[in-house]
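Input: a single structure, listed below in structure tokens.
The values are calculated or read from the model by the stated rules, or taken from the named source; none is laboratory data. Just so you know, these numbers come straight off a predicted model, no measurement behind them. Glycine also receives a Cβ, built like all others from the backbone with ideal geometry; neighbour counts cover every protein chain displayed. Just the protein is used for accessible areas: all its heavy atoms, side chains included, with ligands, DNA and RNA removed. Shrake-Rupley method; radii C 1.70, N 1.55, O 1.52, S 1.80 Å.
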Amino acid sequence: RGHPDTHTMAHRQGGMQLDSLSPQQLQGLSEQLESDVQQLTESLANLQKAVGRYHTSGRALEGMTLESEGKEMLVPLTSSLYVPGVLGDTSKVLLDVGTGYFLEKSPEDGVDYCKRKVQLVRDNMEKLIEVISEKRKQSTQVQQVFTQKMQMMEQAQAKAAEIGA
């Protein structure tokens, strides 16, 4: 038993024979794959930003345990707007767990939550990188078949012109 025919595998995409598609269909498929890659790459960038936010939150929670109640500080309302505030009870924090839900936890539990979320997001990023890589391979295969078809059409037209002349 040998390896499957690599030529056949290279020209099969999503269960279809690329050789059987017209140049217009191949062009459409190529554009769809490129669009998919672009959207997935944007999603990957958003996940990277989420990792950064969880890291920042975890470090802030770690630093909070060193502070004492009543300390004056600046509280971020946005990434560039801060208002004066006073630190309250540092033995409890509220974690925003999404869709308007908050959990009251100890700072240590908050740090643990952030670390778990970072790992979960990184795992998802790894899966997404694999999908992006596969889509890029498929796009390359489609482009190769498209180029071959166009060359064959040009050769056929040149032969027809020679015969007709």
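Points worth noting:
- Hey, V51 β-branched (V, I, T), at negative phi and either open to solvent by 90 Å² or more (accessible area, probe 1.4 Å) or in contact (Cβ under 8 Å) with a residue 12 or more places away in the chain (or both) or not: yes
- Among the candidates K71, K135, residue that is open to solvent by less than 70 Å² (accessible area, probe 1.4 Å) and out of contact with any Pro (no Cβ under 6 Å at 6 or more places or on another chain): K135
- The residues of segment 99-132 that are loosely packed, with under 13 Cβ neighbours inside 10 Å and among the aromatic types (F, W, Y), listed by number, are Y101, F102.
- As for segment 32-44, it holds no residue that is more than 25 Å from V121 (Cα to Cα) and loosely packed, with under 10 Cβ neighbours inside 10 Å.
- V111 meets all of the listed conditions (1) under 22 Å from the mean Cα position of the chain (by Cα); (2) closer than 18 Å to G52 by Cβ but one, namely (1).
- Sole exception among (1) within 27 Å of L120 (Cβ to Cβ); (2) in a loop (DSSP other than H, G, I, E, B); (3) open to solvent by 100 Å² or more (accessible area, probe 1.4 Å) for T90, by number: (3)
- Taking the numbered list (1) surrounded by 10 or more Cβ atoms within 10 Å (Cβ to Cβ); (2) farther than 17 Å from L120 by Cβ in turn, D96 passes all entries but (2).
Here is a yes/no grid of residues against (1) closer than 30 Å to M150 by Cα; (2) touching a Lys or Arg at 6+ places or on another chain (Cβ under 8 Å); (3) in a loop (DSSP other than H, G, I, E, B); (4) polar (S, T, N, Q):
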position	(1), (2), (3), (4)
L33	yes, yes, no, no
D36	yes, yes, no, no
T41	yes, no, no, yes
D123	no, no, no, no
V131	yes, no, no, no
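- Look at segment 69-81: where a residue is over 20 Å from S91 (Cα atoms) and a partner is open to solvent by less than 100 Å² (accessible area, probe 1.4 Å), sitting 6+ places away or on another chain with Cβ atoms under 8 Å, you get L77/V83.
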